[in-house]
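The values are calculated or read from the model by the stated rules, or taken from the named source; none is laboratory data. No experiment lies behind these values; they were computed from the predicted model shown. All Cβ positions, glycine included, derive from the backbone under ideal geometry; neighbour counts span all protein chains shown.
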Amino acid sequence: MKIAISTSVIQRGRTGIAQYVFALVRALLPHTPHHELHLLVLEEDRSFFDFARDHVRILPIPESHRPAIRNILWHQRHLPSIARQEGWDVLHVPSYRRLLWRHPCPLAATIHDLAPFRVSGKYDPLRMFYGRVVLRRLAQRQDAIIAISENTAADIRSCFLVPESRLRVIHNGLDHHRFHLGDPTAAKATVQQRFGLDQPYFLYVSRLEHPAKNHVRLIAAYDSFRKATGLPWLLAFGGSDWHGAESIRAASAASPFALDIRFLGFIADAELPDLYRAAGAFVYPSLYEGFGFPPVEAMACGCPVISSTRGALAEVVADAAECIDPLDVPDLDTALRTLATDETRRRQLVTAGLTNARRFQWDVCAQATLDVWTSIASPRRNASP
């Protein structure tokens, strides 16, 4: 089977979709002796796939097609012709933002979340219109859609009106080679040297996006925690600036504990596990997630987790996190106090988190994804002379 994956939505490797694409491709490599894997990659992103270049075919996309509008037009105008020329059995687009209208071959997609339907003001009006109106029609034209959680599948059914027969729920995996228990003492020394985090700290890893990622309420809860307890815990944000980042930075600057709120910037893959291992607790108060990688990554590294249950998060963290209402600042404050002071609860969450993290395996995800591709490609392939 000749399978093509469009990777132009990875945004220079700094998003959850990028981590999904990288991990899925890596997990598919053992299958390449039996299937041809073609990756459509923007020219400046090719180095991200160096790990796969001896096993897959890389088809470069000119950098002029990187901007969002041009990239959408490239998918609609140029990609169908390329698909016909290459004779692909399946073309997979791992994000709803680039779904194709025309059918040069069977089409598959992964939808990670439908946040524009659930979080008011997440994007500007044009992007909200595209998400709410245009993409509904595009989704209905796909041969198969993979949802990364039961919650996302329910949203696809209700918001996009996609038939149940075209939907498949396949949970993301976890890179257990990267995210696992380690030496917390060594991790703390590394983190102190690299990031200057020399006190116990709460960690939140997410792009700096307001209001969807809910940093501002977390800052308010942190202020309350510090005033009530006097404990010298830091609050560390790992992630790049995104839409609304200025609101988050303004809230931090206005905090009486502004010097103890640290912005670490984008965290490189190699540095992330030690940040989890050294953290006193990981906090994930997001208003909506289609899956939510970071809480599970933190669990796998032995870090106790505080998490929202919005979107798919209740499904993903299960009973292995201190769960909070992300709109309730006092509730979040209480959770911070619990994780900072209750060692018994911390140990319970660490044990439960390690068990929960083992549920997510990329090799299982890759095999299930191949099964989806086979199910939509086979009728056309079998009909060929």
Flag for Gln199 being surrounded by fewer than 18 Cβ atoms within 10 Å (Cβ to Cβ) and assigned to a loop (DSSP other than H, G, I, E, B): yes
Residues satisfying the stated conditions in segment 176-196, i.e. closer than 16 Å to Pro295 by Cα and surrounded by 19 or more Cβ atoms within 10 Å (Cβ to Cβ): Phe179
Of residues in segment 236-265 being free of Cβ contacts under 8 Å to residues at least 40 places away in the same chain and in a strand (DSSP E or B), the one nearest to the chain's Cα centre (by Cα): Gly238
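Per-residue answers, yes or no, for (1) surrounded by 21 or more Cβ atoms within 10 Å (Cβ to Cβ); (2) among the hydrophobic types (A, V, I, L, M, F, W, C):
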| position | (1), (2) |
| --- | --- |
| Ser286 | yes, no |
| Cys303 | yes, yes |
| Gly311 | yes, no |
| Val329 | no, yes |
| Thr334 | no, no |
| Gln348 | no, no |
| Asp371 | no, no |
Residues that are among the charged types (D, E, K, R) and within 20 Å of Arg194 (Cβ to Cβ), drawn from segment 273-309: Asp274, Arg277, Glu297
Where a residue in segment 1-17 is without any contact (Cβ under 8 Å) to a residue 40 or more places away in the chain and its partner, wherever it lies, is surrounded by fewer than 17 Cβ atoms within 10 Å (Cβ to Cβ) and not in a strand (DSSP E or B), with Cβ under 9 Å and at least six apart: Arg12/Glu44; Gly13/Asp269
Selection status of Leu203, in the same structural domain as Asp274 (by TED's automatic domain parsing), closer than 20 Å to Asp331 by Cα, touching a residue at least 12 places away in the same chain (Cβ under 8 Å) and within 20 Å of the chain's Cα centre (by Cα): yes
Candidates Gly244, Gly280 - the one that is out of contact with any His (no Cβ under 9 Å at 6 or more places or on another chain), within 29 Å of Ser149 (Cβ to Cβ) and surrounded by fewer than 24 Cβ atoms within 10 Å (Cβ to Cβ): Gly280
Residue in segment 213-227 that is assigned to a strand (DSSP E or B) and surrounded by 15 or more Cβ atoms within 10 Å (Cβ to Cβ) present: no
Single condition Asp45 does not satisfy, out of (1) under 23 Å from Leu167 (Cβ atoms); (2) without any contact (Cβ under 8 Å) to a residue 40 or more places away in the chain; (3) assigned to a helix (DSSP H, G or I): (1)
Qualifying strands (runs of 3 or more DSSP E) (wholly inside segment 58-175; at least 3 residues being surrounded by 20 or more Cβ atoms within 10 Å (Cβ to Cβ)): 90-93, 107-111, 144-147
